[in-house]
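The values are calculated or read from the model by the stated rules, or taken from the named source; none is laboratory data. In this text the structure is predicted, and so the values were computed from the model without any measurement. Cβ coordinates were reconstructed from backbone atoms using ideal geometry, including for glycine residues, and neighbour counts include every protein chain displayed.
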Amino acid sequence: MATDRRQFIHRSAQFGVLLGAGVPLLQACGSSDSGGDSKAVTDAIEDGLKPEGGPLRILNYADYVNPDTVASFEAQYGVKIEITTFDVDAEAVTKLANGSVEVDVFQSAAPNTLGRLIAGGLLQPLNASYIPNKANVLPTFDNPWYDEGSAYTVPYTVFSSGIGYRTDRIDPAKVEELGWEILWDPEYKGVTSILDDYREGLSMALLRRGITDVNTTDKALIEQAGADLGELTGLMNIKVNIEGYKDIPEGATTLAHTWSGDLLAGAYSYLPEGTDPSVLGWWYPSDDVGVVNNDCMTVTANAKNPVLGHLWINHLIDVANAEENFSWNGYLPPITGLDADYLIENEYAPENLRAAVLDDAIISKGLRFEPLDMETNQLWERTWSAFTAG
C-alpha cells in the first residue's frame, strides 16, 4: 500500500542518475532534451471503437491500486488485468524505452520525465470521448505544466510536502509560528527527521530561506542549501529517512519533514491501539507555497488494448471508484467531491489532518519539481551526498 509506494519513491531518489541514463534511450527514439527532433505520437485512437478482449496490461508500482477496484473493472468489461510492477521511475522509463515491457497503461508516470516519454514517441494522445469521467478531475489539471492541454495524461494521485508532528509534544501554535525553522530547533534533537530525497531535502532548505525556485540552477543557492542541511547533523542529530508515516504515529519521531499522503495513510494504520488520531499534526505553508507532486496515468504508443486503457483510466476517476481506491491506497486522487469535508465525515481522515487533504487552490499554487539539465542535476546530487555523508 502507501508504505511500499514511499519506499519506491525513496529508491527513485537514490537512483536519480538513472533518469539521466534513460535520456540516450529516448533520444534513440528521436527525442532531445530541448524537445526538438521529436517522434511524439500525434494521433489519438478513433472515436467509437469497441473494447479489446484484453488482457489489459498495466505498468505500476506494486500495491498502488486497490484489488477491489481492479476486480470491478474486470467484471464490468469481462477482461483480465495484468500488472507489471517496477521499483523506481527510472526503471519504468528505461523498460518502456528499450521495449523490454509491452504494456497498455503506464499508470504512475512522474511529471518530470513525461516530456522525454512523449518526445520519444512512447505515449499516445488520449481520446477524451472514452474518458467522460475526466470532468471529475480538479480543474487545475486541465492544463498542467508537464502536459499542455492535458493531452497525454490524467492525474492519478496528488500529495504535498510539509511537516508532520506530534501535537501532544509540540504546541501547534509553535509549529505555525516557526514553520520550516522548527526543524532546526535543538529542543527536538534526536526526534526530528527529513525526507531522504535530494530534491525534497534541498528544496526544503531553500524554502526555509524564502527561496521558492525549487528547480534553481544557481550553484551558490544549491550549495547554501546543502550547508544549511549540514547544520542539522550536529544541531539536531537529524534522521534522514522516509519513515514519518509510521515513526510519527508510533512516537519514535516528534517532527518529520514528510509527505501528506504518508500522514493520512499512517493516521489509522500505525497509531498504537487506543491512541486518538488527534495526537497527529500537519503543517504546510500558510500561503500555500510549498512542494506539490502527482502521479499520472497514460496510454502507451504501442498499446495492444488502447480502448481498454482509456476505459481503465476512466474507471479510476469515477468518483465512487476513486473513493474506494483511496480508502485502500491512502493517496488522494484529485477528484471533485473527495474533499476534506467529505473524507473527514466518512472517517477516511481525522479532522486534525484536514490541511493534509489537498484542494484545488493548494494544488494550483504548489511548486513543482521540473526536469533539471544533467549538469545541474549532478550538482544537486553531489550537494545532497555531501550532506548525507557528513
Practice problem: Please verify whether region 314-334 includes one or more residues that are more than 28 Å from R169 (Cα to Cα), assigned to a strand (DSSP E or B) and at pLDDT 95 or above. | Solution: no
Practice problem: Mind listing whichever residues of region 369-379 are modelled with pLDDT under 95, under 13 Å from R199 (Cα atoms) and not polar (S, T, N, Q)? | Solution: F369, E370, P371, L372
Quiz item: Do we have Y130 as under 30 Å from K239 (Cα atoms), surrounded by 19 or more Cβ atoms within 10 Å (Cβ to Cβ) and aromatic (F, W, Y) here?
Solution: no
Practice problem: Would you please name the residue that is surrounded by the fewest Cβ atoms within 10 Å (Cβ to Cβ), looking only at residues in region 61-95 that are modelled with pLDDT of 95 or more and within 25 Å of G120 (Cβ to Cβ)? | Solution: E82
Practice problem: Could you tell me which residue of region 196-215 is farthest from L263 (Cα to Cα), considering only residues that are free of Cβ contacts under 8 Å to residues at least 40 places away in the same chain and in a helix (DSSP H, G or I)? | Solution: L206
Quiz item: Given the conditions (1) within 21 Å of D43 (Cβ to Cβ); (2) not in a loop (DSSP other than H, G, I, E, B), and given that G121 satisfies all but one, which numbered condition is not satisfied?
Solution: (2)
Quiz item: Which ones in region 281-300 are modelled with pLDDT of 95 or more and either more than 14 Å from G366 (Cα to Cα) or in contact with a Cys (Cβ under 7 Å, 6 or more places away or on another chain) (or both)?
Solution: G281, W282, W283, C296, M297, T298, V299, T300
Quiz item: Are there any pairs with C-beta distances below 6 angstrom linking a residue in region 174-195 that is part of a strand (DSSP E or B) to a residue that is among the charged types (D, E, K, R) and surrounded by 15 or more Cβ atoms within 10 Å (Cβ to Cβ), with the two at least 6 apart or on different chains, and if so which?
Solution: S193/K239
Quiz prompt | Residues satisfying the stated conditions in region 229-240, i.e. crowded, with 19+ Cβ neighbours inside 10 Å and either part of a helix (DSSP H, G or I) or among the hydrophobic types (A, V, I, L, M, F, W, C) (or both) | solution = L229, L232, M236, I238
Exercise. Consider only pairs whose beta carbons are under 7 Å apart and that are at least six residues apart or on different chains; among these, list those whose first residue lies in region 286-301 and is more than 19 Å from E370 (Cα to Cα) and whose second residue is at pLDDT 95 or above and among the charged types (D, E, K, R).
Key: V299/D104; T300/D104
Exercise. Scan region 264-310 for residues that are under 30 Å from E74 (Cα atoms) and surrounded by fewer than 17 Cβ atoms within 10 Å (Cβ to Cβ) and report the count.
Key: 4
